[in-house]
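Structure record follows, encoded as structure tokens.
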Amino acid sequence: MEEAFRINQRKSRKARNDVAVQGTNDSSILSKVSMVKLGYFNDLFLREFVDKDVRRSPSINRGYYIRMKALEYALNMFYTVYDQKEVQIVNLGAGFDATWFRLDDERKQRTHFIDIDFPEVMQRKLALIEVRSRLNEQFEPIHTYSSLENFAVTNEKYSLIGVDMRDPLTLNTLLQTVKVDETKPTLLISEVVLTYMGRSSCNRVIQWILDFFQECILCTYEQVLPDDGFGQVMVAHFAKLGSPLKCIHQYPTSESQVQRYTHLGFDVSLCVNMHNFYRNYLPIDEHNRIDTLEPFDEIEEWQSKCAHYILLFGLKTPSNISKQWFEQMNKDFITIIYVKKENLINNNNNNNLNDEQIKPNIQFESYPTTMTYAQRFGHQSILINEKYVWTIGGFGTVDGRHRRLKTIEVLNIDNGEIQRLDNHLLGEHVFHTCHQSDNLIFSFFGRKSPGTLNSYTSIDINTLQVTNFNEDEKILRRWRHCSCYIKETNTIIIFGGCINISKSTNDILCLQSNGQLIQSQFSQTKPTNRHSARLNAYKHLAVLSGGLLENDEPTNEIWLLDTSKDIMNWTLFQTNGIIIPRYSHSAEIIDDTLWLLGGMNANERRPPGLCKINLITGEAIEYIIPTMCNEQPIILYNHQTVLLNKTTFLILGGGGNCFSFGAHINQPMILKFDHLVN
């Protein structure tokens, strides 16, 4: 009886999981329709599969756009290498995908297209096709087959099969009834499908593909990198939905995925992540077009999302087809990850990094406060009178809604008490910078709304009186800029930033400590346009670190600006050692050492950690840092650091909206690094 009970429990869990996986189709199709309606991608047929429109956030729209472009790339490659030939496409876990309907006539004529999904999903899809004229005028079934709850319908060019893919015997029978030809070149598409299966079930499906089709290409679009902060939020999201990513920890990287596919029997396996795809395959005109569709400033979240999704191909094809496919991908992308059968290493654990970063014994610790503090990103936190941390502006949550914030939060670092200040007229600021001068805090620029930029403002610490500066002057307003106050020359330097959604600047402003503009001259040699860099004071120098360049690539450059001369001079600082390029990090100078913490770099397999740079010798060392604090993920970009002492950072806020997985903002933490100082 106990054994029977355990079997029933397993069956019940499996049924619940299957229902949850089917539910991802409903969410996915709404997101695709939202993206199509705004003009990201042209598909006239997707709307026929929904009864209502839902407008998703810009980051979700972009995420589904890149997903559609990736699968479009796979289709175009397949039709190119099999030009003029009769082919088949099998869409595994197809849901309400409308790919067959939007194929042009030439492709339709030489293709047998088969959609496969759970019987319940395919019944709903078939019912919608029957009642929507735009769909049924293209598909009128002439043959229907059924076996218990499983079924197949076809017109011999387009077939729908309702079956659990994990049942290969029934699947084979239904494929044969719709006259699938195992000898024809076949593209099989798995669009976030196989990852919902357990490792053994998933590998059995792949093995079935290799056994059934004599010449085939498996195209997989799914998630990787589950262990960094973004990845942990992603994995937790799907687990909460009841549709966990069951294979991602066994195959967490692009390298492990291509090893797996080749080990299972493909002749060659190739992979590219979506960051590489977007940056290097889609032309700049397409980037510019996407930028105009709706306001968007979630650059870190967009690049993180793209870095966590891959387009993976396993090829079982003649050598000339494999060669053509490989050469085309090698041309389209700067780097591809691939493994050929003849070069296969018999090692299933190809996940270790071979690099020069050091993993020290450091941990993040929660910082105790009397109430929640600094639950925001894109803010500024500054230490006042060595006792109070003022956190100003940023983006966070108010009454359950995400919005730009104007509440000032003041933390007493002696006792953890927090005061919230709302009785002021400072307004909303995101991606601004702040500095103290006597009893004033200056706030420079930043976004007030998607289309409105602030001037610069001061707020009196004692009275909360607000004063606006230079509103009528033609000063270049910006956001995601950087600035610092240099005590030796009593000047505030402001550098770079965004001036519109797709344009950054290398414009420099020099101000007195009272906020008055100084007409200054600068050397002709200077850093190129960038945003989300950091600027720190070092003696009479301003030290510029990192940033995102106009080609959307992060930099590891360190520049020094000498403010003691009549013509202020920029010099590129020469370093030796490892400095990971990054942007949206935090930076502090302690004695003669520049410390960089966190930041974003979608080209790396792990997020940037802690970098120590000697400003005298140029020696640089990169340290790996943990990705969790008290079992909570850490996403270290757009955060703030405050020096509690020479070997302790107080880290406040940071994080952001993680695609459709929800927002994650860090709790206050401290990082002690005394043993790394020497």
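Just to be sure, is A602 under 14 Å from L535 (Cα atoms) and surrounded by 15 or more Cβ atoms within 10 Å (Cβ to Cβ)?
In short, no.
State which residue is surrounded by the fewest Cβ atoms within 10 Å (Cβ to Cβ) when the search covers only the stretch 494-526 and only residues that are under 17 Å from S584 (Cα atoms) and at pLDDT 95 or above.
N506
Would you pick out the residues in the stretch 610-655 that are acidic (D, E) and assigned to a loop (DSSP other than H, G, I, E, B)?
Across the stretch 610-655, the qualifying residue is only E631.
Identify the residue in the stretch 527-562 that is crowded, with 23+ Cβ neighbours inside 10 Å and of a type in the set (S, T, Y) and, among all such residues, is nearest to E622 (Cα to Cα).
Step by step, filter the stretch 527-562, then rank; the result is S545.
Among the residues of the stretch 450-479, write down those that are more than 30 Å from L293 (Cα to Cα), polar (S, T, N, Q) and outside any loop (DSSP other than H, G, I, E, B).
T457, S458, T467, N468
Quick test for you: out of R260, R204, pick the one residue that is touching a residue at least 60 places away in the same chain (Cβ under 8 Å), surrounded by fewer than 24 Cβ atoms within 10 Å (Cβ to Cβ) and either assigned to a strand (DSSP E or B) or not acidic (D, E) (or both).
R260
With respect to L312, is the statement that it is outside any helix (DSSP H, G or I), under 19 Å from the mean Cα position of the chain (by Cα) and closer than 23 Å to T80 by Cβ true?
yes
Restrict the check to the stretch 117-124 and report whether at least one residue is of a type in the set (V, I, T), within 21 Å of F313 (Cα to Cα) and at pLDDT 95 or above.
No, because not a single residue in the stretch 117-124 is of a type in the set (V, I, T), within 21 Å of F313 (Cα to Cα) and at pLDDT 95 or above.
Yes or no, residue by residue, for (1) polar (S, T, N, Q); (2) buried (at least 18 other Cβ atoms within 10 Å of the Cβ):
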{"residue": "R124", "(1), (2)": "no, yes"}
{"residue": "R132", "(1), (2)": "no, no"}
{"residue": "Q138", "(1), (2)": "yes, no"}
{"residue": "V153", "(1), (2)": "no, yes"}
{"residue": "D167", "(1), (2)": "no, no"}
{"residue": "L174", "(1), (2)": "no, yes"}
{"residue": "D181", "(1), (2)": "no, no"}
{"residue": "T186", "(1), (2)": "yes, yes"}
{"residue": "V192", "(1), (2)": "no, yes"}
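Looking only at the stretch 383-413, how many residues end up being in contact with a strand residue (DSSP E or B) (Cβ under 8 Å, 6 or more places away or on another chain) and under 13 Å from H429 (Cβ atoms)?
12
Could you please give the count of residues in the stretch 114-129 that are more than 13 Å from F45 (Cβ to Cβ) and either touching a helix residue (DSSP H, G or I) at 6+ places or on another chain (Cβ under 6 Å) or not assigned by TED's automatic domain parsing to the domain that holds N172 (or both)?
Looking only at that region, the number is 2.
Examine the stretch 348-361 for a residue that is modelled with pLDDT of 95 or more and in a strand (DSSP E or B), and state whether such a residue exists.
Within the stretch 348-361, not a single residue is modelled with pLDDT of 95 or more and in a strand (DSSP E or B).
The values are calculated or read from the model by the stated rules, or taken from the named source; none is laboratory data. Since the structure is predicted, the reported quantities are computational estimates derived from the model, not experimental observations. When we count neighbours, we look across all protein chains shown, and the Cβ atoms used for this are built from the backbone with ideal geometry, even at glycine.
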